[in-house]
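> A single structure is presented below for examination.
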Amino acid sequence: MTAIPTPLRKPSWIRVKAPTGAEHAETRKLLRGLSLHTVCEEAACPNIGECWSQKHATVMILGDVCTRGCAFCNVATGKPRPVDPLEPEHVGEMAARLGLRHMVVTSVDRDDLADGGAGQFARAIERIRALSPGTSIEVLVPDFLNKPGALEIVLAARPDVFNHNLETVPRLYPSIRPGARYFNSLRLLDDAKRQAPDLFTKSGIMVGLGEETNEIVQVMDDLRQAQVDFLTIGQYLQPTPQHAPVARFVPPDEFDELARKARAKGFLLVMATPLTRSSHHADRDFEALKAARNARA
């Protein structure tokens, strides 16, 4: 039997406070009442306390069971339940009741669906627009592998930001993201920008999985070739002993250097810190994206 390696001790810069407070409890109660899932909980995000206390939550549609089994992800893997037809209405209601300026909608992978869940994304966008017209919308979509037409369905609903995370460097895909294909994900981002040039596109990666700096830089180059506007880089945290181990904790000064390299390559916006996650401060970042584009015009 292979021994499970002893987890690395978390350094001081990666520790966060446990979620508490009335606002956090109120957000949790609202989500439970609407039967909505969040990636904040399902993926064990370290920023949940901060975000929920500010009534920010990233809703995860299409259920809470994923058809993939990525080595980094804490979301349950298995046979998903049927898609909830009321879910888009509840998503729109969530945006309205929380008074969100900006909302991030993500999902599990649904390889079992003909459109990969694209139609549910489109319906959720439509209901947010109807019930909370002042809310800008960011979608963090799966890769829609072997789902022709899925991207077009999402783009037709006109989100404000289109996000798909590459997650890691190509060399590590077989062990970290075995159900996905690096160049399929890259092509999805490229196709989104080609089909909707005014759409903000966004992607993110984790570090601390065993990647080399030159591999990260190559991912940056690939994303810029695909005209991606916004890059996020955060520290990978091992959710459970059964998930991929942390190879190293990257210190803040190395994140600063990665951010410097990325900005030099022309991204409109770069966020790179140990606790950076795709939807962390997404409302503030959307305003920064718009300002950066206007400054370049």
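> Is there a residue being surrounded by 23 or more Cβ atoms within 10 Å (Cβ to Cβ), assigned to a loop (DSSP other than H, G, I, E, B) and on the phi > 0 side of the Ramachandran plot anywhere in region 115-128? Give the steps one after another, and end with the answer.
Initial filter on region 115-128 (surrounded by 23 or more Cβ atoms within 10 Å (Cβ to Cβ)): 116-118, 120-121, 124-125, 128.
Within this subset, residues satisfying the condition of being assigned to a loop (DSSP other than H, G, I, E, B) are 116-117.
Filter once more, keeping what is on the phi > 0 side of the Ramachandran plot: 116-117.
Yes, region 115-128 has at least one match.
> Related question: Does Pro174 count as within 28 Å of Leu258 (Cβ to Cβ) and touching a Lys or Arg at 6+ places or on another chain (Cβ under 9 Å)? Explain how you work it out, then say what you get.
Working: within 28 Å of Leu258 (Cβ to Cβ): yes; touching a Lys or Arg at 6+ places or on another chain (Cβ under 9 Å): no.
Against the criterion (within 28 Å of Leu258 (Cβ to Cβ) and touching a Lys or Arg at 6+ places or on another chain (Cβ under 9 Å)), Pro174 does not qualify.
> When you go through (1) over 16 Å from the mean Cα position of the chain (by Cα); (2) at pLDDT 95 or above; (3) farther than 17 Å from Phe72 by Cα one by one for Ala297, which number turns out not to apply?
Unmet for Ala297, out of (1) over 16 Å from the mean Cα position of the chain (by Cα); (2) at pLDDT 95 or above; (3) farther than 17 Å from Phe72 by Cα: (2).
> Can you report the number of residues in region 124-145 which are over 19 Å from Ser278 (Cα atoms) and of a type in the set (Asp, Glu)?
1
> Given Ser279, Ser185, which one is polar (S, T, N, Q), crowded, with 19+ Cβ neighbours inside 10 Å and assigned to a helix (DSSP H, G or I)?
Numbers: Ser279 fails: assigned to a helix (DSSP H, G or I).
Within the list Ser279, Ser185, the selection yields Ser185.
> Let me ask something additional. Which count do you get for residues in region 204-221 that are charged (D, E, K, R) and not in a loop (DSSP other than H, G, I, E, B)?
Residues flagged as charged (D, E, K, R) and not in a loop (DSSP other than H, G, I, E, B) within region 204-221 amount to 2.
> Moving on. Filter region 144-178 down to the residues that are touching a residue at least 60 places away in the same chain (Cβ under 8 Å) and surrounded by fewer than 16 Cβ atoms within 10 Å (Cβ to Cβ), then identify the one that is nearest to His102 (Cα to Cα).
Step one: of region 144-178, the residues touching a residue at least 60 places away in the same chain (Cβ under 8 Å) are 160-161, 163, 165, 167-168, 175-178.
Checking the rest, the ones that are also surrounded by fewer than 16 Cβ atoms within 10 Å (Cβ to Cβ) come to 175, 178.
On the way: Ser175: 34, Pro178: 32 Å.
Step by step, filter region 144-178, then rank; the result is Pro178.
> Please state which one of Thr232, Thr213, Thr240 is of a type in the set (Ser, Thr, Tyr) and buried (at least 16 other Cβ atoms within 10 Å of the Cβ). Break it down into steps so the answer makes sense when it comes.
On the way: Thr213 fails: buried (at least 16 other Cβ atoms within 10 Å of the Cβ); Thr240 fails: buried (at least 16 other Cβ atoms within 10 Å of the Cβ).
From the options Thr232, Thr213, Thr240, the qualifying one is Thr232.
> Going residue by residue through region 245-264, is there one that turns out to be closer than 19 Å to Val161 by Cβ and touching a residue at least 24 places away in the same chain (Cβ under 8 Å)?
Yes, some residue in region 245-264 is closer than 19 Å to Val161 by Cβ and touching a residue at least 24 places away in the same chain (Cβ under 8 Å).
> A further question follows. Any residue at all in region 67-86 that is out of contact with any helix residue (DSSP H, G or I) (no Cβ under 6 Å at 6 or more places or on another chain), modelled with pLDDT of 60 or more and in a helix (DSSP H, G or I)?
No; the residues of region 67-86 include none that is out of contact with any helix residue (DSSP H, G or I) (no Cβ under 6 Å at 6 or more places or on another chain), modelled with pLDDT of 60 or more and in a helix (DSSP H, G or I).
> Same structure, new question: Given (1) of a type in the set (D, E, K, R); (2) assigned to a loop (DSSP other than H, G, I, E, B); (3) farther than 16 Å from Trp13 by Cα, where does Arg248 come up short, assuming only one miss?
If we test Arg248 against (1) of a type in the set (D, E, K, R); (2) assigned to a loop (DSSP other than H, G, I, E, B); (3) farther than 16 Å from Trp13 by Cα, just (3) comes out false.
> Among (1) more than 16 Å from the chain's Cα centre (by Cα); (2) of a type in the set (A, V, I, L, M); (3) modelled with pLDDT under 90; (4) surrounded by 14 or more Cβ atoms within 10 Å (Cβ to Cβ), there is one condition Val39 misses while meeting the rest; what is its number?
Among (1) more than 16 Å from the chain's Cα centre (by Cα); (2) of a type in the set (A, V, I, L, M); (3) modelled with pLDDT under 90; (4) surrounded by 14 or more Cβ atoms within 10 Å (Cβ to Cβ), Val39 violates only (1).
> I've got another one for you. Which of the following residues is touching a helix residue (DSSP H, G or I) at 6+ places or on another chain (Cβ under 6 Å) and either in a loop (DSSP other than H, G, I, E, B) or within 23 Å of Ala118 (Cα to Cα) (or both): Thr201, Thr240? Reasoning before the result, please.
Working: Thr240 fails: touching a helix residue (DSSP H, G or I) at 6+ places or on another chain (Cβ under 6 Å).
Answer to the selection: Thr201.
The values are calculated or read from the model by the stated rules, or taken from the named source; none is laboratory data. Worth saying up front: this structure is predicted, and the values here are computed from it rather than measured. Here Cβ is always computed from backbone atoms with ideal geometry, including for glycine, and neighbour counts include all displayed protein chains.
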